[in-house]
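The values are calculated or read from the model by the stated rules, or taken from the named source; none is laboratory data. All values derive from a computational prediction rather than experimental measurement. Every residue, glycine as well, gets a Cβ built from its backbone with ideal geometry; the counts of neighbours run over all protein chains shown. The accessibility values were calculated without ligands, DNA or RNA, using every heavy atom of the protein model including side chains. Shrake-Rupley method; radii C 1.70, N 1.55, O 1.52, S 1.80 Å.
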Amino acid sequence: MADYHRGELAVQHRAGLRDPAAGSLRAIRDAVPEAAALFLARQPMIVIGAADASGRLWSTLLTGAPGLLSVPDPRTLTVAALPADDDPLGAVLRESGTRVGMIAIEPATRRRIRLNGVARAEGDGVRIALDQVIGNCPKYLQKRAYALLPPDRGGRRTAVRRGEALTAVQQLTLATADSFFIATASPDGDADASHRGGNPGFLQVLSPTRLRWPDYAGNAMFLTLGNLELNPGAGLLVPDWETGDLLQLSGTARTVWDGAEAAAVPGAQRLVEFRVEAVQETRDAVRLRWSDPDFSRFNPPVAQR
């Protein structure tokens with residue numbers, strides 16, 4: 001069982017936890033339990049976060065038919081897919097020794113699991129030597145069912161647009177999103193990927209280069225905020241559940257501890273601000289399409305602005 005690093009402990013202490021390591025560390029394993037292996041085997045997607053060759057953090061999405069993910073032994077995960085060459089992580093996931101953070105979610109049942117380790121390319125996929133396997137609670141995850149389109153109808157990557165700031169259309173996409181994923185890393189480069197969800201509008205667009213979202217009550221491990229305490233780099237992934245489009249953002253993030261600011265946002269225990277430095281938007285990036293959401297009953301209301 002691993003120990004929390006000093007950034008995670010600092011955030012736990014500031015959040016008011018008296019004995020943070022006593023209970024929550026039990027949720028962090030170094031191997032995949034049998035039930036989790038069965039869960040992974042039926043998933044059609046996994047989010048992967050990592051740093052690119054320049055050290056900039058990104059998140060991406062790998063998809064396929066169930067069987068995409070397999071656990072040949074409890075310390076290993078294989079993914080039978082690689083990012084496209086034009087993906088921000090396309091190059092590094094074709095190398096060996098890339099530290100990755102991953103999260104697999106099943107919106108239909110609101111289950112999810114995080115897995116972290118070291119990846120190396122293997123044929124047309126990736127093999128990850130795991131060092132952390134983390135169960136997560138189902139809060140703030142919207143319920144959806146999926147359909148996997150055939151290759152001639154989805155995942156054709158019809159257009160890729162890059163920039164350093166958000167367009168007006170991209171701002172609207174973010175302002176109406178109910179889910180996104182965030183990749184962070186410790187100063188040592190250990191990557192992590194996590195999910196954030198809420199009612200549309202919970203992700204606020206403050207400007208073309210500045211976002212803000214509430215940090216709701218969660219598992220109290222503070223793995224994401226603990227990384228940000230020591231390393232502000234972050235990579236966001238915002239999927240369009242209806243079209244298969246992906247919006248990938250890279251930049252820096254910081255935790256806002258001001259109680260008055262958090263009090264103005266329903267459900268927020270604190271806030272996180274993200275500064276956009278690089279944007280990639282890919283149309284029809286993946287073959288998955290999802291039904292309309294059944295919103296989580298845990299989602300706090302969104303204040304009207």
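Which of the residues spanning segment 161-191 are part of a strand (DSSP E or B) and open to solvent by less than 50 Å² (accessible area, probe 1.4 Å)?
GLY163, SER179, PHE180, PHE181, ILE182, ALA183, THR184, ALA185, ALA191, listed by residue number.
Answer yes if at least one residue in segment 70-86 is open to solvent by 10 Å² or more (accessible area, probe 1.4 Å), outside any strand (DSSP E or B) and among the acidic types (Asp, Glu), and no otherwise.
Yes, segment 70-86 contains at least one residue that is open to solvent by 10 Å² or more (accessible area, probe 1.4 Å), outside any strand (DSSP E or B) and among the acidic types (Asp, Glu).
Filtering segment 43-69 down to residues that are part of a loop (DSSP other than H, G, I, E, B) and of a type in the set (A, V, I, L, M, F, W, C), which residue is farthest from ALA91 (Cα to Cα)?
ALA65
Give all pairs with beta carbons closer than 9 Å in which a residue from segment 292-305 that is over 12 Å from GLY198 (Cβ atoms) meets a residue that is open to solvent by 80 Å² or more (accessible area, probe 1.4 Å); count only pairs at least 6 apart in sequence or on separate chains.
Correct list of pairs: ASP292/GLU242; ASP294/LYS143.
Collect the residues in segment 89-115 that are of a type outside the set (Lys, Arg) and within 20 Å of LEU38 (Cβ to Cβ), keeping them in residue-number order.
MET102, ILE103, ALA104, ILE105, GLU106, PRO107, ALA108, THR109, ILE113, LEU115
Checking ARG156 against (1) touching a strand residue (DSSP E or B) at 6+ places or on another chain (Cβ under 6 Å); (2) surrounded by fewer than 18 Cβ atoms within 10 Å (Cβ to Cβ); (3) among the charged types (D, E, K, R), only one condition comes out false. Which one?
Failing condition for ARG156: (1).
So which of ALA262, ALA253, ALA234 ends up being open to solvent by less than 10 Å² (accessible area, probe 1.4 Å), part of a helix (DSSP H, G or I) and under 27 Å from ARG14 (Cα atoms)?
ALA262
Here are the criteria: (1) under 17 Å from the mean Cα position of the chain (by Cα); (2) assigned to a loop (DSSP other than H, G, I, E, B). Tell me which single one GLY201 does not satisfy.
(1)
In this structure, does ASP73 turn out to be within 23 Å of LEU148 (Cα to Cα), among the charged types (D, E, K, R) and without any contact (Cβ under 8 Å) to a residue 40 or more places away in the chain?
Spelling it out, it is not the case that ASP73 is within 23 Å of LEU148 (Cα to Cα), among the charged types (D, E, K, R) and without any contact (Cβ under 8 Å) to a residue 40 or more places away in the chain.
Taking segment 38-60, which residues are farther than 23 Å from ASN231 by Cα and under 20 Å from the mean Cα position of the chain (by Cα)?
Result: PHE39, LEU40, ALA41, ARG42, GLN43, PRO44, MET45, ILE46.
Out of segment 192-210, which residues are crowded, with 23+ Cβ neighbours inside 10 Å and aliphatic (A, V, I, L, M)?
Matches in segment 192-210: ALA193, LEU203.
Within segment 195-225, can you find the residues that are out of contact with any Leu (no Cβ under 7 Å at 6 or more places or on another chain), small (Gly, Ala, Ser) and within 19 Å of PRO239 (Cα to Cα)?
Scanning segment 195-225 gives GLY198, GLY201.
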